[in-house]
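All remarks here apply to the structure that follows.
Every read-out reported here was derived from the displayed coordinates using simple, explicitly stated rules and does not represent laboratory data. The structure presented is a predicted model; accordingly, all values stated were derived computationally and were not measured. Every residue, glycine as well, gets a Cβ built from its backbone with ideal geometry; the counts of neighbours run over all protein chains shown.
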Amino acid sequence: NRPQTRVDLYGTDDTEYRGLVECLENLLDTADPSTATQHGRNWVEEFLELFPGVVFKIDADGTYTDLLSGDEESLLYDEAAELLGTRSDEVLPAETAQRFHEVVRTVLDTGERQRLEYQLDVQAGQRWVEAQVGPADDPATVFWVARDITERKRRKQEYEQIYNSVNDAIAVFHPDTAEILDVNTAYRDMVGYESLDRIQELGIDGLSATDEGY
């Protein structure tokens, strides 16, 4: 059955990422090119279109070897046809290309998925991009799954501005352990500690009055 909803590729669980890798490989290995949908397209193409963002395969030299999903081609630095067969250091700014290469090498050396955020001038303009990078079927190749997080970055900045500009002291706690996760500027002023690490070290008990009734 063809899936009818978009697929979330961006969880933090490695199992979820491996599921993506296995899914892509199974699709590419078992696809029957002669099997077309009522729209005249292979069902694999329809499946890959459900992935938000861009899915590349990149080899150890940083060469773009394949584009598996280009749902948001505006995220690409250049047209897909122009990118394939080129290296990241040939099309990207030197600093960004170096970060790309380091992430690819880390994945290939450790076999562990890596996450990278970077800012890039792409076809859609200057955007923030998040990449999830993990090993592919070929031991010298990785999957590079990228999505646009510009709006999320903007919302986070707005939240932080509001969070730190209000007069009320706000603390964020872990719901199970009561561990202090974050505090705003007003809270720091109230307790007299600038360091979040120090506030977390004291904890709610250390910051609370010990007199009976409190």
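Distances between placed amide hydrogens fall under 5 Å for D182 paired with V172, all partners being 5 or more residues away or on another chain.
How much length, in nm to one decimal, is gained on full extension between N167 and Q98, taken as 0.36 nm per residue of separation minus their Cα-Cα distance? Numbers along the way, then the final one.
Working: separation 69, 0.36 × 69 = 24.84 nm, distance 4.31 nm.
So the chain would gain 20.5 nm between N167 and Q98.
About its Cα centre, region 174-214 has a charge dipole of approximately 140 debye under the convention of +1 per Lys or Arg Cβ and -1 per Asp or Glu Cβ, with nothing else charged.
Are there GluC sites (Glu not before Pro) in region 109-195 that DSSP puts in a loop and that have at most 16 other Cβ atoms within 10 Å, and which ones? Each step should come with its number before you reach the end.
Working: sites: E112, E117, E130, E151, E158, E160, E179, E194; in loops: E112, E179, E194.
Answer by residue number: E112, E179, E194.
Using θ = phi - 60° in the Karplus curve 6.51 cos²θ - 1.76 cosθ + 1.60, the 3J(HN,Hα) couplings for region 192-205 round to x, 10, 7, 7, 5, 4, 5, 5, 5, 5, 5, x, 5, 5 Hz; x is entered for Gly and Pro.
Convex hull of alpha carbon positions in region 74-214: directionally averaged projected area 12.7 nm².
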